[in-house]
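Each remark here refers to the structure printed beneath this line.
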Amino acid sequence: MTFSLDRVVPWGRSYEEYVRMFDLGPAELGGRILGCGDGPAAFQAELHRRGGRGVAVDPLYACSAAEIEQRIAEVRGEVMAQVRANLADFVWTTIASPEQLERRRLAAMAVFLADYEGGRRQGRYVAGEAQALPFAADAFDLALSSHFLLLYAEAVPLAQHRLAIAELLRVAPELRLFPLLELGGAPSRHLEPLLAELGAQGCGLEQRRVAYELQRGGDTMLRIVRPVLDHEAIAALAADFLAQRLPRERWTHQTHLAVGLWHLRRHGRPEALALLRSRIRAHNAAAGIGNDADNGYHETLTRFWLRALAAHEAAHPQATTAGSLALLLRSPLASVDAPLRHYTPERLYSREARAGWLEPDLAPLPSQGAPRDRAEEGQGRAV
Ligand SMILES: C[S@@+](CC[C@H](N)C(=O)[O-])C[C@H]1O[C@@H](n2cnc3c(N)ncnc32)[C@H](O)[C@@H]1O
């Protein structure tokens with residue numbers, strides 16, 4: 001590792017800033033989080049204090065706390081002089097002034113320094129580089145890169161970004177990057193090429209506006225979700241389904257979602273529903289699953305899932321089919337029990353719900369379709 005402390009400007013953000021930059025809620029904060037290039041940020045220290053599970057990786061962690069502290073003292077004046085010389089490059093709303101910014105940064109770095117040596121011994125601060133991570137596949141649920149990838153576009157070439165992102169998606173199913181700008185405030189030169197390449201690989205991509213902006217125009221976070229099935233695999237699955245070649249053990253929730261998405265994208269919701277009514281029944285019959293009052297095709301569930309998929313698609317209009325599926329499987333709809341947030345089991349698993357559409361009795365549907373949509377779907381009756 002070629003690392004030289006005197007070339008590094010250690011400067012770190014607070015836990016609250018991470019929560020806002022990456023739009024972290026209880027679901028994310030409850031998982032194992034890798035912070036890549038966390039430097040002297042307070043995120044991991046505070047996450048640990050709150051009982052969360054996180055690890056930070058940064059070449060900086062080859063240094064001791066005393067060395068990092070001294071380097072912060074050395075660069076502090078220069079960093080703040082740069083900020084004061086470029087005041088218009090920042091939005092002074094959440095943080096009101098350069099003085100307040102400096103106080104908050106120093107407070108965040110003090111939190112880091114107090115946690116650092118103990119955390120290093122516990123393996124929570126690991127010296128390493130994004131391009132060759134010292135972690136097993138799937139060691140984490142989420143990886144974050146704050147003010148490292150994309151921002152240092154000039155110093156870190158596109159090929160290094162590719163390597164780093166591939167590594168981060170090896171150790172976690174999802175990576176979030178913030179900001180999408182480079183130093184100086186222009187959109188990162190690597191953003192468009194990376195979006196094109198990752199999209200072609202079947203990654204789920206979402207650019208999400210977040211409740212954080214300090215660098216002017218830097219209010220958007222990129223989610224990159226590891227591909228689940230590529231475009232060919234989804235088409236092959238749909239072909240097997242149409243030819244009634246899918247054995248019962250491959251008719252999983254993930255397969256249902258992939259086949260539903262494929263129909264929705266190809267035919268639109270009303271036609272997809274009509275086709276799925278007959279095709280699911282035919283598929284069930286071929287797989288040895290009867291379609292009767294208590295088994296097989298279920299009208300309410302089929303319509304619930306098509307509506308949920310349509311709402312998901314509307315929220316991600318730019319996504320490819322593979323990308324949409326990847327995002328879907330990182331959403332609450334990844335759970336086969338998602339309908340039970342809207343229906344009581346008594347209602348959902350009733351013969352009436354299987355035979356025909358029943359409205360939910362717990363909470364409105366994810367996409368409460370317009371009346372026109374509902375009319376277009378027709379009042380299907382099963383069996
Ligand atoms: C500007 S700091 C950001 C610190 C922190 N993420 C924050 O937002 O407050 C950039 C960090 O990236 C780290 N870094 C540089 N090259 C890296 C690499 N190849 N892999 C991981 N981290 C790296 C630096 O050591 C530095 O700590």
Inset, instruction - Note down the magnitude of the dipole of the range 5-225 about its Cα centre, charges +1 on Lys and Arg C-beta and -1 on Asp and Glu C-beta and zero elsewhere, to the nearest 20 debye. - result: 320 debye
Legend entry - Given charges at Cβ of Lys, Arg, Asp, Glu: the range 33-77 dipole, positive-most of A62, G52, P40: G52
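What's the ranking of 68-81, 320-333 by average number of surrounding C-beta atoms within 10 Å, highest first?
Values: 68-81: 15.2, 320-333: 22.0.
So the peptides 68-81, 320-333, ranked by packing, come out 320-333, 68-81.
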Inset, instruction - Please report, in whole Å, how far the alpha carbons of the chain spread along each principal axis, starting with the longest. - result: 76, 39, 38
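Show that you can apply the helix-only estimate: for the chain, add -39,500 (n - 2.57) for every DSSP H stretch of four or more residues, divide by all residues, and state [θ] at 222 nm to the nearest 500.
Numbers: 15 runs with 173 residues, N = 383.
Theoretical 222 nm ellipticity from helices: -14000 deg cm²/dmol.
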Legend entry - Packing rank of 250-260, 338-348, 54-64, where each peptide gets the mean count of other beta carbons within 10 Å, highest leading: 54-64, 250-260, 338-348
Legend entry - Cα centroid of the range 185-208 to Cα centroid of the range 240-307, whole Å: 33 Å
Legend entry - Net dipole in debye of the range 145-221 [+1 Lys, Arg Cβ; -1 Asp, Glu Cβ; about Cα centre; nearest 20]: 60 debye
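Considering only DSSP beta bridges whose two residues both sit in the chain, what percent are antiparallel, to the nearest 5?
Working: 14 of 28 bridges.
That works out to approximately 50 percent antiparallel.
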Inset, instruction - With only Lys, Arg, Asp and Glu charged, each at its Cβ (+1 for the first two, -1 for the last two), find how big the charge dipole of the chain is about the Cα centre; round to the nearest 20 debye. - result: 800 debye
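Using alpha-carbon pairs under 8 Å, 6+ residues apart, how would you state the relative contact order of the chain in percent?
Relative contact order comes out at 14 percent.
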Inset, instruction - Show the residues, 5+ positions off or on another chain, whose built amide H is closer than 5 Å to the amide H of A56. - result: G35, Y125, V126
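FYI, it's all coordinate maths here, none of it is from the lab. Please read these numbers as outputs of a predicted model, since none were measured by experiment. Counting neighbours? That spans all protein chains shown, and the Cβs are built from the backbone with ideal geometry, glycine included.
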